[in-house]
Structure formats: C-alpha cells, structure tokens
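The structure appears right after this line, and notes come after that.
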Amino acid sequence: MNMIAENFTYLYHGFGIASDPFNILLMAIGILLGVIIGVLPGLGGANGVAILLPLTFSMSPTSAIILLTCIYWGALFGGAITSVLFNIPGEPWSVATTFDGHPMARSGRAGEALTAAFTSSFIGAFFAIVMITLIAPLVAQFALQFGPAEKFAVYFLAFASFVGMSKEAPAKTIVSMMIGFALAAVGLDMVTGQLRLTFGITELLNGFDFLIAVIGLFGIGEILLTMEEGLEFRGKAAKIDPKVVWKTWKTLPKFWATSLRSCVIGCWMGITPAGATPASFMAYGIAKRVSKNGKNFGNGEIEGVVAPETAAHAAGTAAMLPMLALGVPGSPTAAVLLGGLLIWGLQPGPMLFVEQAEFVWGLIASMYLGNIVGLILVLTTVPLFASILRIPFSIIAPVILVICAIGAYTVNNNVFDVLMMMVFGVLGYLLKKTNYPLAPLVLAIVLGDSAEEAFRQSLLGSGGSIAVFWSNPLVSSIMGLGLVAGLWPLIAMGFSKLRGSSAQPA
Amino acid sequence: MEQSHHGAGSGPKQRVVEVGTALLTMLFGLIVIYGSVLVGYGWSSDGPQAGFFPFYVGLIICLCSLINVVLGLREDPEAIFAEYSQLRQVLKVLIPACIYVALVPEFGIYVPSVALILVFMIWLGKYRWPLSLAVAFGVPAFFYITLERWFLIPLPKGPIEAMLGL
Amino acid sequence: MKHLHALGLGAVTALGMTALSMLPAAAAWEPTKPVEFIVPAGTGGGADQMARTLQGIIAKHDLMSTQLVVINKSGGAGGEGFLDVKSNKGNPHKIVISLSNLFTTPLATGIPFNWKDLTPVAMLALDEFVLWVNAQEPYKTAQEYEAAIKAAPDNTFKMGGTGSKQEDQIITVAIQKALGKKLTYIPYKGGGEVAVQLVGGHINSSVNNPIEAVSQWRGDKVRPLCVFDSKPLPYTDKIQGDMSWSSVPTCKSAGLDVEYLMLRGVFMPPGVSQEQVDYFVELFKKVRETPEWKQLMKDGAFNQTFMAGDEFKAWLDQAETTHKGLMQEAGFIAGN
C-alpha cells in the first residue's frame, strides 16, 4: 500500500516533467513522425525508432525517451491507416485490423473504421498504462515465469483461438497455414545453426519476411482484384463527413465487453514475451466466436476493428513494462528503445525503478500525455486520410505500387524482396480467387518460427520429453486453455446438440 | 468471392484454376520435403532436427493439395474463374507492374517509378501530360526527400542517379 | 536546411584541415556521400548498439563531413551483411562492423566468405565473456560450480547462450572439454533474453557479455563467477555490494582454463585504397577520444585493445585459426 502511495507521488512529479512545454512539443513531433513511419509499410516502428535514435543523443534522457516513445505510439496509430485504406498492414499486429477495417473502407466507411481503430488503440494503451502505474513491480515478476515451454504454450493458445474460424474448406485452410509455416522455416535454423530450404540461393538466406508476404498478398493482391472491377470502381466510394468521429463514438460504447476483453488479453500477452501480434489475432478470434455479429466478421464489422486494435495496443504498451523492469524487450521496437536507454547510461532492470525513479515515472507520465496528444492528432487526420480514397484509382494504384516496392525494399534493404513481393501479389490474387483464406498463412509466417523455436528449446531443456508442456501449473493451464480454444467448435456443437435433444421432448 | 457476378461472359473455368492451384501447392510441398530431407528430418537425442517440422509441413501440404485436387475436379464445370475482359484488365496492371519490378534492380527505384506512374496515368487513366508528369515526378521526389534526406534510408539507385551525383 | 548546414560545416572543417596540415601525404580522401554502416546482426543486439552509438558520436561531434547510415543485414547469421560488403568491390562508402560471426558463420553454414575477402580497418574493442549463475544458486565461486557440474551426471546443467554454433556455444564446448562433463546448451535469439532466462531459473548458467547482464547483477539477480580473459577486468566502480568488475577472477585462475574474447572491429569492401582505409582508422581514433565512447567502454566492461594495419591482420589470422580449431573439435563445421 505504502509503495503505491509512493508511486503516485513520483507520478505526480512525472507529470510535472512531462508537461513541460518543450516535452509536449516533442510529443507532437514524435507522434507525427511516428504516423509517417507507420504509414510507410516496411519502415515500421523498430526501424523508425532505430533511425531516429542517434538524433536524440544531444537531448536529456527524459526528453529523448519521450520523443522516441511518442514515435512508437505514432507508429502504432499509423499502422492502422494503411491497413484500413489499402489492405496493407504496416506491422504484424495490424494484420487482424485489415480483416474488417478494409471491407469497411471499401463500402465507404473508411472514416468510421479509422476512428474506431484510433479510439480502440487509445483505450487499449490507456488500460495498459493504468496497469503499469498500479502494479508495475508485481507484474514484472510474472514475466520471469516464462521459459521456452510457457512461451510455446502461449503461441499454441494464439493459434488455437484463431483457427477454425474461416468458412472455407478445411483442406484449403490447412494448406494455407502450412505454406505459412514452410515459408517461415526458410533461412537459418536458430536451434542448430544450419541453413535450411535455401537450396544454396544467397537471396533466401534471410528467409521470407512476413512484411514482404503481406505487402504482396494483401496490397498487390488487392490492386489486382480491384482491377477486375474496372478502373472506375474507386473514386466515388468515400463520402467525407467531418462529424464522422462523433458519430462513430456514439456507436462504440456498446462494444465495451469486447473492448475490456481485448484489453485484458493484450496486457497479459504484452507482459509475457509473446507480444502484440498473437494478442491481436487472439482478440479477433475470440471476439468473432463470442460476438452476436460473429458470422458477419470479415465483411466490415466495426467490432472486428475494435477487438484487434485494442489488444494490440494494450500489448504494445504493456510490453514496455518487462523492458523497463527486467531489461527484456517485448517487441522489436522495445529492443531498440532498450538500446537507446543503455546509450544514455540508464540500465533497464530490477534497479531502474529504484535508482532512476524520476526517469521511470516521467516516462510513465509521458505515456499518459503522449497517448492523449496522439489521439487528438490522429483523429483530426481522419477526414484527410479518408479522402485519399477519393483519388481516382488510375492515379492511386501506381502510387500504391511504388509505396509497396519501397516498403518491401526497406524491410531488409534488398531488391530481391521487391521481386518476391510481386510473386506474392500474384499468389495472393490466385489464392483469393480460389477461396484459400490468407489470414492463417500470415499468422503462420509471423509466429511459426518463434513457435517452433520455443518448442525445440523446451525439448532441449527437457532432454526430448514432451511432458515439459505439462510440467508446472502455469504451462499446463495455458496448454489446457489452448486445447479448449482449439476444440471449441466441437464443444460448441456438442452443447447445441445436447440442448437440441433436451429441448425436443419438452 | 466475386467470380460469378458478371454472368455470361466467357473465360477460363474455375475448375481448371482450382486444380491448377492445388497442383501448384503440391509442387511447393514437394520442394519443402526435398529441402527438409537435405538437412535431416529425424528426431535426434535432443529433440527434432532442423528439417523435422518442415518435412511434416511439406507432407501435410501434399496431402491436403491432393484433397483439393479432388474437390476441384468436383466443382461446377460451368463456373468461370473470371471473364477474359476482366483478366485483360488485371493484366493491364500486372504486366507494367512486373516490368517495373524487373527494372528496379538495374535502374534503382526512382526512374522506374516515374515511368510506371506515367504509363498508368496516360495509358490507363487517359490523363493529360502536365498532371501526369507532376504526379510522376512529385511522388518519387517526395520519397527521396522524406526517406533519403530525413530518415537517412538509402533506396536502390541506378546509373542515372549516379550520373546526377545523388 | 539542417543538411546544408552540416555540409557547409563539413566543408569548412575540411578546408581548415588542409590548411593546417600542409604535409604532402595529406591530400586526404574524404567521403563524398553518406557512408553505409552495415550491421550483420539484428536491431537491438550488441553489434547494433555499438554501431548506433558510433553513429551518434560521429554526428554529435561532427567527425565526418557526410552522414553515417546504419543498415541491418542479419540474414543467415550475418552472412547476408558480409556478402553484401564483399560484393561491393572498391566502394569506399560502405563499412561493416563485425562480431565473431565473421569467423563462425562461414564455417558453420558454408556461406562463402572469409575475412580476407574484406579490407580490415581497425579493431575497436574486444568484448568480454563472463560465466554467470542465478544469484539464488549456492555457488559463490567458479570452483564450487565446477565441482557441482563434475559431481552430477552429463547434461544435468543447462547453459543458455545466443545463437547456435556461435561464440557462446564455442565457449560452452570448451568448458565441457575442460571439465569432462556435458552441459545442455540451449540457444536463444539475443543476449538480453538469455540473461532474463537465467534470472527466471530456466537455465543454470550463461556466458553473457558484461553489458547484457550487468543490470541483473546490479539488482542482485545473477552472480558473475569468472571472466574468460587472461587477466581480470580493470574497472573498479562498485556495481553490486562491494563487488566491481575487477573483483571477478579469471576463469583460468579458478581452474577453468578457457579464454575467449569477441572481436568488435570494422571492415571495408575489397579493393579500396589505403587512403580510404586510413581515413576511417583516423575517424575511429577520434571516436575513441570522446567521453561517450569511454562511457560505453566502461558500462560494457570492454577490453579496450585498438589495432589497425598489419597488427590487426596478424590478429585476425590468429583468431581465424583458433576458431577453426575450436569449431572443428566441436563438430560445428558445415558438412558440404
């Protein structure tokens, strides 16, 4: 109790530091830069922060970290923009946002989708910050419980709660997911240090980055699909309504349950080393199963935007906690921020909260303010971004192609990736037209590698015994949850049968 | 999803494309199996070898592709994949895009981008030259300034940029 | 605007320098466009941190007339980055920072490159390795831990490390050889993750670099047992209780005859001129004089050996032979 009171005193001081006019200005600059970074696919939060890191060396550590974390928030906000408008997620955790966000944009509701995405991001992040404020040191300890087996269990849970959701033929869903796993396996095998599936081709050393696949499958594939409809299709779609923000806000409160659930999923996944991507997929998968409108998910349901965005941002924010308290980054961007902290002579770890209390609480205070500043800034841009869709397709299409090519190149600074992007584009068109679901493929590319790695690390530790996944209460309960989630369609069917048969006699 | 909207045009049959796609995924599966066998796919003393997972992934791809071939053959033989007129539209984008991508390694990203936008706007969009030129040069210039100047991210460049000393 | 300004400043310094040094040999080469600084590892790792610190120091002190741009090419255990530099023959606007994967990657994966394909510029520092255990373990000294390993059956103790068939595993194999007992080696993606796994008790020990584990030590979560160097570290600032880096004994003195240091050096593509190499040697000499660099060295308890020219080449030759021997013994050389 005493500790919490002490924390609030620090936080109060923190607000004093963070609300310094210079720092507020830095927040605004950071958010804007972040949004630009988020909008350019491939550039991504981690790269963006890494690139701007050296620019901050001449600032005080607190100002520098405020600028950098605001770039991070901005990139988180910005990632949703391209997902909604062009079906191109800029970050792994924006993929689930495209499922309903882009259909909304196609039916002329881009403004609503963007407002819902931004607002949900804010709510998710805010929930996570409050959690950090209240129980930071306690929660940090929880992350230490996660060894390879626990990590694998979390990935398993993420997969299990997401699969089985598609309407397509099961054999097609499986092929799609397995292609994802296979692509994720290309390159260096971390556990044995061997190259695999590269066939001596140097360009394949790096494997297939998820972003290249996604830019191609979703972005280029979408352009090709749109072309079928002819050039006139776009243009007229979006109507610009400056009041769209208010109108959307009125509809959001009824999704409070989804929101709260996604916040909890996000915070939990953010603290465990699994991070934002599984959080967003899990939240989407669960919302789809639980929601009344679940059947309509994928056709432009606003709840399908709220769920993943809230979870991703709660996770993205919560991931800051293990970084500060343990020195273990919960996301690539956090890893770069961590490097920044070290350069300023701040060593994240158990002692940071004690030795550098002022810095830590200044940072936490800046999270509150930064997110509020961010929300206001990005909401004002909603009509602007929504109006991009009014540009005729024959102008916007080549520009999107150029952006995709630049995005694909910047992921690894490799022109080969630009060629791969085009291959994925054609593949995406073909698979979509033949009713293969793309989401499982993308999920498998993003998580396949990490899941396999965690699985094999666990087995190394246990000497090859599978029992390691049931060896303690934590890992057993996550695995159990995963099994329930995976088998849920069967369980649900069983229930409805039971109910059906008991209803008949009555 | 959109395939049968347009009613009675002629075009390649959905069935053919379905079977073709399934054969393609099967080929992919076989390549994966081959690659896994190269690095060893057994279960050694300390857990699975490098090729263990990819091997079974490849196997599952092949099996499910087989199912998809069968399912594909059972599809409605009349349904078409897309009308030829639609495919022509798609090719109008695809061919310039492929040429664009093929030019990037040799000429960098800027010059092909200018050409791509010009071709699109003038040939497909029927815009006038002044607007087309403005967009075609404006967009790459914007990326040059933001990426190379502000964010210090070098993009691929070709002989023309080298001549200009950029 | 800012760029123009920087350019102007650079031009002024360059003019000033030529005016000052009227020596005939000083018709010095200068970069004419941004220099790419390749990092053959992921963002956030040790090499990446060092590269970005260098970038920051060079920008802050205006040590170069153009910018230094850091680019990560981590594919194939860094092979991608080295191949990129190797294929840029004669390009003076590209440098690469190396870690031990300069030697281990071609041996372990068969990716075709060798340090002799690149032009060595300078060794910036050497990174130390320390044997760590969880602070809750009963072992206070390396001897006690060694005795525990020797007393238990093979594979009882779990050693965590970064990557597979790279420096951490090489050291682990050397320890196994010295003790005559097998350890279970578990590879992780990064050093920070290894340190946290150690704190969480999922592994028994690690050979983390000082900078990766120092904050956990400061929080009394992990304990250093010995350092894999020939002499103790020189840094005497108190870190945990009365302990400083200098109070960690060498492993050799603790009965574990293993020594290993990791190269942090800079290379250029093949076929560049001596002038161009000299420019970068001078640049890094200036960097070493800055307070920021000294702070980094102290924080990370680095071994501050600096080498260039033939001395550096001789060191590389020696190091390559050592790695080949170690990897051969461990059976890490790629089959094909």
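The values are calculated or read from the model by the stated rules, or taken from the named source; none is laboratory data. Note that the coordinates shown come from a computational prediction; the quantities given were computed from them, not determined experimentally. Neighbour counts run over all protein chains shown; Cβ positions are idealised from the backbone, glycine included. Just so you know, the surface numbers come from the protein's heavy atoms only, side chains and all, with ligands and any DNA or RNA stripped out. Shrake-Rupley method; radii C 1.70, N 1.55, O 1.52, S 1.80 Å.
Among the residues of the range A:163-170, is any of a type in the set (A, V, I, L, M, F, W, C) and in a helix (DSSP H, G or I)? No; the residues of the range A:163-170 include none that is of a type in the set (A, V, I, L, M, F, W, C) and in a helix (DSSP H, G or I). Yes or no: the range A:388-399 includes at least one residue that is touching a residue at least 12 places away in the same chain (Cβ under 8 Å) and within 22 Å of the chain's Cα centre (by Cα). No, the range A:388-399 contains no residue that is touching a residue at least 12 places away in the same chain (Cβ under 8 Å) and within 22 Å of the chain's Cα centre (by Cα). Restricting attention to the range B:76-101, and to residues there that are more than 10 Å from every other protein chain (Cβ to nearest Cβ), modelled with pLDDT under 90 and out of contact with any Gly (no Cβ under 7 Å at 6 or more places or on another chain), which single residue is nearest to A:S394 (Cα to Cα)? Once the filter is applied, the top-ranked residue is B:A79.
A quick yes/no check of all residues on (1) modelled with pLDDT of 90 or more; (2) more than 19 Å from A:P322 (Cβ to Cβ); (3) facing chain A (nearest Cβ under 10 Å):
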site	(1), (2), (3)
C:Q143	yes, yes, no
C:E146	yes, yes, no
C:N155	no, yes, yes
C:G161	yes, yes, no
C:I171	yes, yes, no
C:I186	yes, yes, yes
C:I211	no, no, yes
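What do you reckon, is A:V336 part of a helix (DSSP H, G or I), free of Cβ contacts under 8 Å to residues at least 12 places away in the same chain and not small (G, A, S)? Taking the combined requirement at face value, the residue does not satisfy it. When the helices (runs of 4 or more DSSP H) confined to the range A:27-122 are screened for residues that are at pLDDT below 85 and closer than 18 Å to A:M367 by Cβ, those reaching at least 2 such residues are found at A:44-52, A:61-86. Sub-6 Å Cβ pairs linking a first residue in the range A:247-267 that is in contact (Cβ under 8 Å) with a residue 40 or more places away in the chain and over 10 Å from A:A311 (Cα atoms) to a second residue that is open to solvent by 20 Å² or more (accessible area, probe 1.4 Å) and assigned to a helix (DSSP H, G or I), at least 6 apart or interchain, are A:T248/A:E112, ordered by first then second residue. Right, C:L316: within 15 Å of C:T119 (Cβ to Cβ), within 16 Å of the chain's Cα centre (by Cα) and assigned to a helix (DSSP H, G or I) or not? In short, yes. Of the residues making up the range C:198-250, those that are part of a helix (DSSP H, G or I) and in contact with a Cys (Cβ under 6 Å, 6 or more places away or on another chain) number 0. Number of residues in the range B:27-55 that are more than 9 Å from chain A (Cβ to nearest Cβ), in contact (Cβ under 8 Å) with a residue 12 or more places away in the chain and farther than 30 Å from C:L183 by Cβ: the value is 3. If only one of A:L487, A:L384 is open to solvent by 40 Å² or more (accessible area, probe 1.4 Å), in a helix (DSSP H, G or I) and over 26 Å from A:I36 (Cβ atoms), which one is it? Unique residue meeting the criteria: A:L487. So, C:K60, is that one at pLDDT 90 or above and over 18 Å from the mean Cα position of the chain (by Cα) or not? No; evaluated as a whole, the condition is false for this residue.
Within the option set A:I376, A:I400, A:I395, being over 23 Å from B:T146 (Cβ atoms) and either in contact with a helix residue (DSSP H, G or I) (Cβ under 6 Å, 6 or more places away or on another chain) or not polar (S, T, N, Q) (or both) holds for one residue only, A:I376.
The number of residues in the range C:184-233 that are of a type in the set (F, W, Y) and under 15 Å from C:E128 (Cβ atoms) comes to 2.
Among the residues of the range B:9-18, is any at pLDDT below 90, outside any helix (DSSP H, G or I) and polar (S, T, N, Q)? There is at least one residue in the range B:9-18 that is at pLDDT below 90, outside any helix (DSSP H, G or I) and polar (S, T, N, Q).
Of everything listed in (1) more than 8 Å from chain A (Cβ to nearest Cβ); (2) buried (at least 17 other Cβ atoms within 10 Å of the Cβ); (3) more than 22 Å from B:K92 (Cβ to Cβ), the single unmet condition for B:G165 is (2). Could you tell me whether the range A:269-276 includes any residue that is farther than 19 Å from A:E112 by Cα, in a helix (DSSP H, G or I) and open to solvent by less than 10 Å² (accessible area, probe 1.4 Å)? Yes, the range A:269-276 has at least one match. Among residues that are assigned by TED's automatic domain parsing to the domain that holds B:T21, surrounded by fewer than 16 Cβ atoms within 10 Å (Cβ to Cβ) and under 23 Å from B:M26 (Cα atoms), B:G58 is not included. Could we say that B:F107 is within 18 Å of A:M422 (Cα to Cα), over 18 Å from the mean Cα position of the chain (by Cα) and surrounded by fewer than 20 Cβ atoms within 10 Å (Cβ to Cβ) here? Criteria met by B:F107.
When the range C:304-318 is limited to residues that are open to solvent by 10 Å² or more (accessible area, probe 1.4 Å) and more than 11 Å from C:L124 (Cβ to Cβ), the one that is farthest from the other protein chains (Cβ to nearest Cβ) turns out to be C:D310. The set of residues from the range A:411-421 being open to solvent by less than 10 Å² (accessible area, probe 1.4 Å) and facing chain B (nearest Cβ under 7 Å) comprises just one member, A:V418. Got at least one residue in the range C:122-133 being assigned by TED's automatic domain parsing to the domain that holds C:Q49, at pLDDT 90 or above, open to solvent by 10 Å² or more (accessible area, probe 1.4 Å) and closer than 16 Å to C:P269 by Cα? The answer is no, given that none of the residues of the range C:122-133 is assigned by TED's automatic domain parsing to the domain that holds C:Q49, at pLDDT 90 or above, open to solvent by 10 Å² or more (accessible area, probe 1.4 Å) and closer than 16 Å to C:P269 by Cα.
Number of residues in the range A:422-446 that are over 30 Å from C:V85 (Cβ atoms) and facing chain B (nearest Cβ under 10 Å) equals 12. Filtered by the rule that a residue be surrounded by 22 or more Cβ atoms within 10 Å (Cβ to Cβ) and part of a strand (DSSP E or B), the range C:149-184 gives C:M159, C:G160, C:G161, C:T162. Taking the listed residues A:A405, A:A444, the one that is in contact (Cβ under 8 Å) with a residue 40 or more places away in the chain and of a type outside the set (V, I, T) is A:A444, with no other qualifying. Take B:E148 and tell me if it is within 10 Å of chain A (Cβ to nearest Cβ), of a type in the set (D, E, K, R) and without any contact (Cβ under 8 Å) to a residue 60 or more places away in the chain. In short, no.
Taking into account only those residues within the range B:63-75 that are closer than 30 Å to A:L188 by Cα and buried (at least 19 other Cβ atoms within 10 Å of the Cβ), which is nearest to the other protein chains (Cβ to nearest Cβ)? Top of the filtered list is B:C64. Here A:G30, A:G14, A:G79 are screened, and the one residue that is within 14 Å of the chain's Cα centre (by Cα) and open to solvent by less than 10 Å² (accessible area, probe 1.4 Å) is A:G79.
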